[in-house]
Amino acid sequence: MNLKPPAGGSPLKRQPLPTTTKHQWSVLLQTLLIAGFVERSRWTRSEAVFHGGTSLKLGWGSPRWSEDLDFLLKKDHLQEAEQHIQSAVAFARAHLARIDAALQVEVSGKTTNRMARYAVSMSKPGLLGKAMVKAEFWGVEDSYLERYPSALRLPEPPQELAQAGYFVRVSSMMPMATLNAVMCDKLVAVANRPYFKARDIFDMYWIQQERSFERPTPEQMARDVLVHASAYDAPMDPEQAHAPKLEFTSDQKLAYSMAGALRTWVDSIQTPEYLVKAQTELKTFLVDSMGGMHLWETYWKGQVSTMIDDAGAMALRCADALEEIVGDVEGDRSRPAPARESPRG
């Protein structure tokens with residue numbers, strides 16, 4: 001695209017950034033940032049873990065596009081998040097300079113006592129619009145990170161990058177959430193979030209189709225979910241704080257509130273209105289490699305009802321197990337203590 005004005009003429013109007021190019025830039029920027037974290041931060045599993053929807057795509061091969069990069073980071077290292085993001089951005093800029101020196105990458109963000117959140121954008125002079133990637137670091141206690149199921153995996157650049165002529169090499173592995181860990185995170189999210197994301201439904205459905213998903217018993221899943229929920233006893237963003245749907249005053253109350261919230265969520269997604277809403281949202285995240293709708297129309301659109309049923313069934317199994325766990329504890333407490341033998345025999 002020639003953006004130079006004709007000799008002696010007025011500057012050309014900025015052209016809108018094509019949707020396909022914007023999608024490609026977002027995927028490229030996201031992948032370069034991950035490559036930058038791998039190359040320059042070199043986290044161990046006890047320091048940070050890449051989790052969330054994008055970890056499913058880059059680490060496990062999910063077909064769903066995800067715009068955010070989500071990390072668990074040791075709480076006492078949260079102030080180092082800016083150094084990590086700036087190093088990754090510098091890595092991305094160096095790579096992009098070899099592709100097109102006119103590409104510009106900017107970063108902005110903020111850090112609270114529990115979270116560091118950044119927005120990284122890529123633009124080009126003469127084009128109206130930009131690609132955006134969000135990176136979020138959630139501060140957790142050392143003990144939580146040690147118990148969080150993770151594995152060292154090599155992030156795989158999406159195939160659409162090579163198809164578009166962009167080649168990114170990720171040099172080594174990074175700590176990523178296991179499929180079981182992401183499933184637990186999703187169950188906590190749908191129970192505690194004040195709004196619904198159809199993306200959660202797809203992720204829960206897709207994980208259950210994968211051979212690497214270990215399929216724990218409902219009781220083990222429930223116990224794991226309680227551990228995962230313990231990290232979210234404070235609002236993630238104080239500026240957008242909402243009354244928590246879960247009760248964190250005791251393990252029993254957390255389990256009961258989690259079970260109730262999961263049942264409420266299942267009821268809310270099993271309506272014709274939600275099916276339409278889910279289809280509308282998911283078609284923007286299940287796109288072809290070039291951002292097209294062919295794959296959605298021919299494959300995914302007809303499976304949304306099944307996705308909802310499978311995700312709901314998983315949530316109900318977890319809710320049942322949570323209530324059984326609390327019932328067992330209360331039953332043990334109500335039983336009379338066995339008679340103590342006299343020390344004299």
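Of note:
- Cross-link partners of LYS110 among lysines (Cα-Cα below 27 Å; sequence separation of 8 or more within a chain): LYS22, LYS57, LYS74, LYS75, LYS124, LYS130, LYS134, LYS186, LYS197, LYS245
- Under conditions of 4 °C and 1.567 mPa s, the stretch 37-131 yields 87 µm² s⁻¹ as its translational diffusion coefficient, taking Rh as the Kirkwood radius over Cα pairs in the Stokes-Einstein equation.
- Hydrodynamic radius of the chain per Kirkwood, over alpha carbon pairs, in Å: 22.1
- Neighbourhood net charge (15 Å Cβ-Cβ; Lys/Arg +1, Asp/Glu -1) for ILE201: 0
- For chymotrypsin sites (Phe, Trp or Tyr not before Pro), the sites in the stretch 127-181 that DSSP calls loop and that have at most 15 other Cβ atoms within 10 Å are PHE167.
- Distance histogram for the stretch 14-177 (every C-alpha pair counted, 10 angstrom bins, percent rounded to whole numbers): 11, 41, 35, 11, 2, 0
- Net charge in the neighbourhood of ALA311 (other residues with Cβ under 10 Å of its Cβ; Lys, Arg +1, Asp, Glu -1) is -3.
- Per-residue 3J(HN,Hα) values for the stretch 70-77, derived from phi via the Karplus relation 6.51 cos²θ - 1.76 cosθ + 1.60 with θ = phi - 60°, read 10, 9, 8, 9, 3, 4, 6, 10 Hz in sequence order (x marks Gly and Pro).
- Convex hull volume per residue for the stretch 84-195, taking Cα atoms only, in Å³: 168
Just so you know, all these numbers are worked out from the coordinates, no wet-lab data involved. Predicted, not measured: the structure shown is a model, and the values here were computed from it. No Cβ is skipped: glycine too gets one built from the backbone with ideal geometry, and neighbour counts run over all protein chains shown.
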